């Protein structure tokens, strides 16, 4: 895939999504409480069939969906993405019983999913997980025994209000990533508790405490010791679409800046007449378009099953999230004080845009992945 252009049908669909986000979903988002799961918003995403599209589409369509929703309503985009992130491991690695039990509710916006990977001492270094899964024959004795989960998870989106969690814990089959297993843990399991965290980002984030939480073989997602692969399979799909989320925010900030600077009078003309302003806007537009192309190139590679998906996904997330930060920051600067008022689009985007440079692998981690993939192909003497 050397270039990217939307077809007529795709352009129309994206336009419909942007309008839907602004007219139907944003009012529901505004009624929600920051830091809490907005269940009416999730229900609307389900009724509109958008949650179903997360699971039925490839990476390219997922990116179009996330970018378009982010342009019109970041809360709706994030609510949709978190459902996908939490439940995608169930779709790909879960048993038929697990899929039938949980996925219909996720698609309908009734069941809230969460992806529980990060820990207080293992954020970007996912292979350093410490949550222990200790074998216990008394758990599920008819199935040959199970495990008890002990430890903590932190910075988990949708926690502590999710209905179930995709949890990654150390079962010890091998060192590092080789000893991690994935479990589907319903929120009502004994020993599982959580607390909300007061974060800059407006979507719900919390911590989880596991005090001997029982899990059995029927709770496994995939095979014991193969959980890290489940996590990476999920992140390789969602990292380019995090980039699409960032591109959607950047485009919203850019369009707001174009409208404002073309209309705002200053120094005997409009702000857009000033070369310093016009050149800044040109730079914002160029970086946004470059990031967008890289995101969709990565999505196309994922859908083709290309072998360089980890590198492309990391590049897409890195460039798009860093670009969005740049564009939103300069949009605020060109708007001046008005953009800092609570309730202004750019004030909202300024709070939203910071987190994607950290979650699902910080920018520094993406650079490490890119370098590792590049050097893996170098033949040394």
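The residues in the stretch 134-144 that are outside any strand (DSSP E or B) and in contact (Cβ under 8 Å) with a residue 60 or more places away in the chain can be counted, and the count is 4. Here residue 283 fits the description: assigned by TED's automatic domain parsing to the domain that holds residue 367 and either part of a loop (DSSP other than H, G, I, E, B) or over 18 Å from residue 356 (Cβ atoms) (or both). Scanning the stretch 186-196 for residues that are under 30 Å from residue 346 (Cβ atoms) and crowded, with 16+ Cβ neighbours inside 10 Å turns up nothing. Condition test on residue 198, is it under 20 Å from residue 74 (Cα atoms) and at pLDDT 95 or above? So residue 198 does not fit the description; no. Kindly establish whether residue 288 is in contact with a strand residue (DSSP E or B) (Cβ under 8 Å, 6 or more places away or on another chain) and closer than 25 Å to residue 73 by Cα. For residue 288, the condition - in contact with a strand residue (DSSP E or B) (Cβ under 8 Å, 6 or more places away or on another chain) and closer than 25 Å to residue 73 by Cα - is not met. Confirm whether residue 361 is on the phi > 0 side of the Ramachandran plot and in contact (Cβ under 8 Å) with a residue 24 or more places away in the chain. Yes, satisfied.
For the stretch 54-75, filtered to residues that are touching a helix residue (DSSP H, G or I) at 6+ places or on another chain (Cβ under 8 Å) and under 21 Å from residue 164 (Cβ atoms), the residue that is surrounded by the most Cβ atoms within 10 Å (Cβ to Cβ) is 54. The set of residues from the stretch 105-119 being in a loop (DSSP other than H, G, I, E, B), farther than 15 Å from residue 209 by Cα and touching a residue at least 60 places away in the same chain (Cβ under 8 Å) comprises 109, 110, 112. Tally the residues that are touching a residue at least 12 places away in the same chain (Cβ under 8 Å), out of contact with any strand residue (DSSP E or B) (no Cβ under 7 Å at 6 or more places or on another chain) and outside any helix (DSSP H, G or I), restricting the search to the stretch 7-54. Selection size over the stretch 7-54: 6.
Taking the criterion of being in contact with a helix residue (DSSP H, G or I) (Cβ under 7 Å, 6 or more places away or on another chain), under 25 Å from residue 36 (Cα atoms) and outside any strand (DSSP E or B), the only residue of the stretch 122-133 that qualifies is 124.
The values are calculated or read from the model by the stated rules, or taken from the named source; none is laboratory data. Fair warning: this is a prediction, and the values are worked out from it, not measured in the lab. Quick reminder, even Gly has a Cβ in these numbers, built from the backbone with ideal geometry, and neighbours come from all protein chains shown.
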